[in-house]
Each structure stands twice: as C-alpha cells, then as structure tokens.
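Each remark here refers to the structure printed beneath this line.
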Amino acid sequence: MHAMVVGASGGGAILLGRDASYPALLAFTLAHEIGHIALGHVHAGNALIDVEDPALALVDDEEERRADEYAMSLLTGAPEPEITTELERYNAPTLAAAVMSAGPIHRIEPGTLALCVGHRQRNWAVVMSALSFIYSQPVAIWKAVNSVARAEIDWESMSEDDGDFVRALLDLDDL
Ligand SMILES: [Zn+2]
C-alpha cells in the first residue's frame with residue numbers, strides 16, 4: 001500500500017504507507033490524498049487505498065485523474081502545469097540546476113517541478129537522480145510526518161490500548 005484515505009464526518013485521515021528520502025516525493029502523494037478528501041471521493045466510514053505511487057502510476061480512472069489534477073493545482077497552481085522544456089537535453093545535474101533556477105520564478109518547489117517534468121516526459125531515472133542534486137542530503141521524511149501526526153491526533157479520544165498501538169505504529173518513541 002502506498003497511501004490510504006479514511007473518510008470521517010467533516011474530513012478524513014491520510015495514512016502514508018511508505019517513507020521517502022526527498023520531500024517532493026511524499027508531497028505529491030499527500031496532495032493527491034488531500035484531493036481524494038476534498039473532492040468527496042471517500043465518505044465517512046469508507047476507505048480508499050492507493051496501492052501504487054500516484055506520481056508514477058499511469059491512471060485510467062476518473063477519480064485518480066482528478067486527484068492528480070488537484071495535487072498539481074495545490075503544488076504548482078495549475079492542474080496541468082505547462083512545461084516546455086525538453087528533458088532529452090538534460091542529465092541529472094543540469095535538470096536539477098534548471099528546476100532550481102525556474103522553481104522560485106514560478107513559485108514551485110524545485111523538487112516538485114522536477115517531478116512534474118518526470119510526469120510529463122516519463123524519464124524517471126534522470127528525474128530521481130536530479131533529486132539528489134536538488135536536496136543537499138536525504139532526510140527521514142517519516143519523522144516530520146509523524147511529528148505532525150503526534151501533534152494533530154486527538155489522543156484523548158482513544159482508549160489507552162488504541163493509543164499505545166498508534167504510538168507504536170508511528171514509532172513516536174524514536175522521534
Ligand atoms: Zn488515488
């Protein structure tokens with residue numbers, strides 16, 4: 001499982017099923033799952049599972065396509081950002097330099113812009129390698145995500161056993 005959305009009245013919860021070394025990789029998944037909630041794809045008590053990484057999956061499903069567009073709008077300001085560059089001209093370092101220069105101009109996070117290029121041109125090897133040039137070092141995204149979870153979860157609403165289970169699941173003792 002890559003990610004999952006559980007519907008609840010007035011919103012929902014998102015579970016990210018994998019870690020990533022660079023923020024842009026999880027930002028797209030998170031924005032896609034927020035899209036499923038915002039677009040009403042899950043109802044209270046129901047769940048929706050994305051088995052594959054939505055950034056990499058070739059979608060043939062209306063709800064998935066709309067969640068992708070929502071994610072793109074959230075992260076870039078447009079459902080289908082116009083990218084005119086030709087990736088064939090780039091290798092990983094030059095693509096990284098290009099998105100780090102173009103990102104601030106278009107107010108798009110450079111790693112996200114690199115993923116947009118990959119989404120358009122399907123040259124994932126170059127794009128993934130470019131991420132290692134964009135970010136100075138890999139980071140444990142799960143720690144940041146689980147810190148947010150720790151702050152946002154209404155622990156009082158859970159039984160002690162359920163709270164212990166969720167704490168262990170989030171590995172909160174290791175943050
Ligand atoms: Zn999805």
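The values are calculated or read from the model by the stated rules, or taken from the named source; none is laboratory data. These numbers were taken from a predicted model, which means no experiment stands behind them. A quick note on method: Cβ atoms are made from the backbone with ideal geometry, for glycine too, and the neighbour counts reach across all protein chains shown.
Brief remarks follow.
- Of all residues in segment 11-30, those that are of a type in the set (S, T, N, Q) have Cβ atoms under 6 Å from Cβ atoms of residues that are not in a loop (DSSP other than H, G, I, E, B), 6 or more apart or on another chain, in THR29/ALA3.
- Hits in segment 31-52 - residues which are touching a residue at least 24 places away in the same chain (Cβ under 8 Å), surrounded by fewer than 20 Cβ atoms within 10 Å (Cβ to Cβ) and of a type in the set (Gly, Ala, Ser): ALA38, ALA44, GLY45, ALA47
- When the criteria are applied in full, ALA96 meets the requirement of being assigned to a helix (DSSP H, G or I), over 18 Å from HIS2 (Cα atoms) and either away from the ligand (no atom under 16 Å from the Cβ) or touching a Pro at 6+ places or on another chain (Cβ under 6 Å) (or both).
- Qualifying position, being assigned to a helix (DSSP H, G or I), among the aromatic types (Phe, Trp, Tyr), surrounded by 15 or more Cβ atoms within 10 Å (Cβ to Cβ) and at pLDDT 90 or above, among PHE133, PHE165: PHE133
- Summed over segment 112-130, residues that are buried (at least 18 other Cβ atoms within 10 Å of the Cβ) and within 16 Å of GLU82 (Cα to Cα) total 8.
- Look at (1) touching a residue at least 24 places away in the same chain (Cβ under 8 Å); (2) touching a Leu at 6+ places or on another chain (Cβ under 9 Å); (3) of a type outside the set (A, V, I, L, M, F, W, C) and you find that GLY103 fails only one, number (1).
- In segment 75-95, the residues that are under 18 Å from PHE28 (Cα atoms) and surrounded by 13 or more Cβ atoms within 10 Å (Cβ to Cβ): LEU75, THR76, ALA78, PRO79, GLU80, PRO81, ILE83
- Qualifying position, being in contact with a helix residue (DSSP H, G or I) (Cβ under 8 Å, 6 or more places away or on another chain) and at pLDDT 90 or above, among ALA20, ALA55, ALA67, ALA47: ALA67
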